[in-house]
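Trainee: The following block contains the structure, expressed as structure tokens.
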Amino acid sequence: MSSIPPRPGLPAGAGAAAERRDAARNRERLLAAARELIADCGAEGLTMDRLAERAGVGKGTVFRRFGSRAGLMLTLLSESEADFQARFMFGPPPLGPGAPGMERLISFGAERISYVMEFGDLVLAAEHASRGRFEAPAAVLWHRHIEILLREEGFGPDPWLMAGSLAATLDPERLLSLVKVHGVSPERLTASWRDLVTRVVRGA
């Protein structure tokens, strides 16, 4: 079967490149509109219908681009999540490699609490719109990271299970409830995490 020839006046491949650029621009326009809606009415107010209206496109275009509301939320989070992952995997200590395991655990929790304070509503919306929240790649990575640090510190009873218990204390819904409903400050949450990790590691 012969391929479709490029548009007249354009070199071979130029049409496809132009389409890719158009697709990238449309994607960024949709993401910008999504961020505007979140700023206006919170993550709960970001629906596919509202996004299509704000961006001036058909609803089908939004679904073709992101697949679902969960896909949209995850796309919005991907950049900030990738940055967080890079910092705890490859960044400077104590969050990154080079510090003792307990110091890295304490720093990881403190940074995650700060992350949830900034992106928590969006994180919750993505989790509630998707399935298998505990099997999501990011959640699996956090769990494994905590487990490795526990093993470095000699925690023997069941590092995998304890890693899950520690990760549960950093659950965004829990943290936001403590802050918004019970008035707990982020600083108090961080101090509590430090105390918990210290007791777990030193009691190993």
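Trainee: Confirm whether E44 is among the acidic types (D, E), touching a residue at least 24 places away in the same chain (Cβ under 8 Å) and open to solvent by 40 Å² or more (accessible area, probe 1.4 Å).
Mentor: Yes, satisfied.
Trainee: Can you tell me which residues in segment 175-191 are open to solvent by 50 Å² or more (accessible area, probe 1.4 Å) and closer than 11 Å to I113 by Cα?
Mentor: Hits for segment 175-191 are E187, R188.
Trainee: List the pairs whose first member sits in segment 192-204 and is part of a helix (DSSP H, G or I), whose second member is among the polar types (S, T, N, Q) and surrounded by 14 or more Cβ atoms within 10 Å (Cβ to Cβ), and whose Cβ atoms are under 8 Å apart, counting only residues at least 6 apart or on separate chains?
Mentor: Pairs found: W193/T169; L196/T169.
Trainee: A further question follows. Checking the condition surrounded by 16 or more Cβ atoms within 10 Å (Cβ to Cβ), charged (D, E, K, R) and either out of contact with any Pro (no Cβ under 7 Å at 6 or more places or on another chain) or under 18 Å from E173 (Cα atoms) (or both), which residue from R35, R69, R64 passes?
Mentor: Sole residue among the options that is surrounded by 16 or more Cβ atoms within 10 Å (Cβ to Cβ), charged (D, E, K, R) and either out of contact with any Pro (no Cβ under 7 Å at 6 or more places or on another chain) or under 18 Å from E173 (Cα atoms) (or both): R69.
Trainee: Within segment 72-93, how many residues turn out to be surrounded by 19 or more Cβ atoms within 10 Å (Cβ to Cβ) and either of a type in the set (G, A, S) or farther than 19 Å from A138 by Cβ (or both)?
Mentor: Number satisfying all stated conditions: 0.
Trainee: Now a separate question. If I ask for residues that are in contact with a Phe, Trp or Tyr (Cβ under 8 Å, 6 or more places away or on another chain) and acidic (D, E), which ones from segment 138-192 would you list?
Mentor: Correct list: E147 only.
Trainee: Exactly one of (1) within 14 Å of the chain's Cα centre (by Cα); (2) at pLDDT 70 or above; (3) hydroxyl-bearing (S, T, Y) is unmet by S107. Its number?
Mentor: (1)
Trainee: Quick check on segment 153-166. Is at least one of its residues within 24 Å of T75 (Cβ to Cβ) and either surrounded by 12 or more Cβ atoms within 10 Å (Cβ to Cβ) or modelled with pLDDT of 95 or more (or both)? Talk me through it step by step, then tell me what you get.
Mentor: The first filter runs over segment 153-166 and keeps only residues within 24 Å of T75 (Cβ to Cβ), leaving none.
Scanning segment 153-166 turns up no residue that is within 24 Å of T75 (Cβ to Cβ) and either surrounded by 12 or more Cβ atoms within 10 Å (Cβ to Cβ) or modelled with pLDDT of 95 or more (or both).
The values are calculated or read from the model by the stated rules, or taken from the named source; none is laboratory data. Just so it is clear, the structure is predicted and the values come from calculations on it, not from any experiment. Ideal geometry is used to build each Cβ from the backbone, glycine not excepted, and the neighbour counts take in all protein chains shown. In case anyone asks, the SASA skips ligands and DNA or RNA and just uses the protein heavy atoms, side chains included. Shrake-Rupley method; radii C 1.70, N 1.55, O 1.52, S 1.80 Å.
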